[in-house]
Amino acid sequence: MVETRLTEKAAGHPASDALVRRCRHWLVELVEDGHLPALARAEAGDILGQLGDPRFDATNLHLPARFRGQPEPF
């Protein structure tokens, strides 16, 4: 998805937007659940960052907003 630049080429199309949201969700689960080795989690986190990590709040200096589905205390 990142390599083919789908997020840029197909932005605004409902099907591609849904696919990106699902991939973000799956990547968040992979990163947070701890079932992957550290290197694989780091790679998943890098891809998630490129797709737009939903756990960070762009309006608050990109600080963490959610962790394991729960709001982060400020």
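For H35, what is the net charge nearby, where nearby means another residue's Cβ is under 10 Å from its Cβ and Lys, Arg count +1, Asp, Glu -1?
-2
Let me check something: with ligands and nucleic acids excluded, how do E32, E8 order by accessible area (1.4 Å probe), largest to smallest?
Descending order: E8, E32.
Pulled fully out, how much extra length does the chain show between H35 and D17, if you take 0.36 nm times their separation in residues and subtract their Cα-Cα distance?
Residue separation times 0.36 nm, minus the Cα-Cα distance, leaves 3.8 nm.
Can you give me the relative contact order of region 7-63 as a percent, contacts being Cα pairs under 8 Å and 6 or more apart?
28
The values are calculated or read from the model by the stated rules, or taken from the named source; none is laboratory data. Since we're looking at a predicted model, the values are computed, not measured. Neighbour counts are summed over all protein chains in view; Cβ atoms, including those assigned to glycine, are modelled from backbone coordinates with ideal geometry. Side chains included, ligands, DNA and RNA excluded: accessible areas come from the protein's heavy atoms. Shrake-Rupley method; radii C 1.70, N 1.55, O 1.52, S 1.80 Å.
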